[in-house]
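Chemist: Following this message is one structure expressed as structure tokens.
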Amino acid sequence: MNERVLILGGTSDLATAIAHQLASKGYDIILGGRKVDELKKTSSDISIRHKVECESEYFDANDTDSHEVFFDKFDGAFPENLFVVFGYLGDQALAEENTLEAQKIMCRNYTGAVSIINSYVTKRNQEKIKTVVGVSSVAGDRGRMSNYIYGSAKAGFTAYLSGLRNKLFHEGIHVMTVRPGFMDTKMTEGLDLPKPITASPEAAAKKIIKGWSKKKNDIYVLPIWGLIMLVIRNIPEFIFKRLKL
């Protein structure tokens, strides 16, 4: 049996690109998400194109009550690797006034992600686990007025992954944090993104898989984002609060 990779958020552009590239390297794939029909079509395409096993499973990041038993269905064919790719940019202005929108942003980007990863790593005493990869965001590097609810959730997720990496390193389990920066995906459709610092899903997937294979701890998909965020993080607060970012 080939090594198995579970990708949650399986209908996103990035998840699909990661799935195709890993399948081309001989990994069996499991795609998890809410859009079951779309997942089945993508899974079938991957299986036929790359001649590997590719399954689909219903998964809802918001339904944290279901996360504890989600992995029970993999008895005998447990995925050694987990990629958590789902997220939700949301509407900052709406979230400031609408509690449901704020909760949706926080759950998709932090609560739901932490919940399912916790459920996964609790299985490590019974199952072989090699990797946890979490897609966070440069928005979590410093809070900005334009997206501080989304950014705060991603900041929490980045901190969680850092702590988890510290813990699981001693057990030989690799945890990698990914900060993509701008990406040209369905989630950012309609936004005027600067092309020089915007990655395609295929290019981002390639960088993520390369970092994963080299057991990197924390990567920016485009290295320039590391420099950009270094500058932003080091702007003194008395100046930063006056900027309209």
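Bear in mind that the values in this text are calculations on the coordinates, not laboratory data. Every value quoted in this text rests on a predicted model; they were computed, and no experiment measured them. FYI the Cβ positions are ideal-geometry reconstructions off the backbone, even for glycines, and counts take in every protein chain you see.
Chemist: Could you give P(r) for the range 4-241, binned at 5 Å from zero, as whole percent values over all Cα-Cα pairs?
Modeler: Reading the bins upward from 0: 1, 6, 14, 18, 21, 18, 11, 6, 3, 1, 0, 0.
Chemist: Work out the FRET efficiency for Lys41 and Asp218 from their Cβ-Cβ distance, taking R0 = 30 Å, and round it to the nearest 0.05.
Modeler: 0.35
Chemist: Percent relative contact order of the range 1-77, based on C-alpha pairs within less than 8 angstrom and at least six residues apart?
Modeler: 28
Chemist: Counting trypsin sites (Lys or Arg not before Pro) as exposed when in a DSSP loop with at most 11 other beta carbons within 10 Å, what is the longest stretch of the chain free of them?
Modeler: 129-213
Chemist: So what are the ³J(HN,Hα) numbers for the range 230-245, from phi and the Karplus equation (6.51, -1.76, 1.60; θ = phi - 60°), rounded to whole Hz, Gly and Pro as x?
Modeler: Those phi angles translate into 4, 5, 4, 5, 9, 6, x, 4, 5, 8, 4, 5, 8, 7, 9, 10 Hz.
Chemist: Taking 1 over the mean of 1/r across every pair of different Cα atoms in the range 47-150, what Kirkwood radius in Å do you get?
Modeler: 15.6
Chemist: When only Cα pairs under 8 Å and 6 or more residues apart are kept, what is the percent relative contact order across the chain?
Modeler: Reported as a whole number, the value is 18 percent.
Chemist: Using the structure shown, list the pairs from Lys51/Lys130; Lys154/Lys215; Lys104/Lys128; Lys51/Lys154; Lys216/Lys241; Lys35/Lys167 with a Cα-Cα distance above 29 Å, or answer none.
Modeler: Beyond 29 Å: Lys104/Lys128; Lys51/Lys154; Lys216/Lys241; Lys35/Lys167.
Chemist: Roughly what angle does helix 36-50 make with the longest principal axis of the chain, taking Cα atoms, 0 to 90 degrees, to the nearest 10?
Modeler: 70
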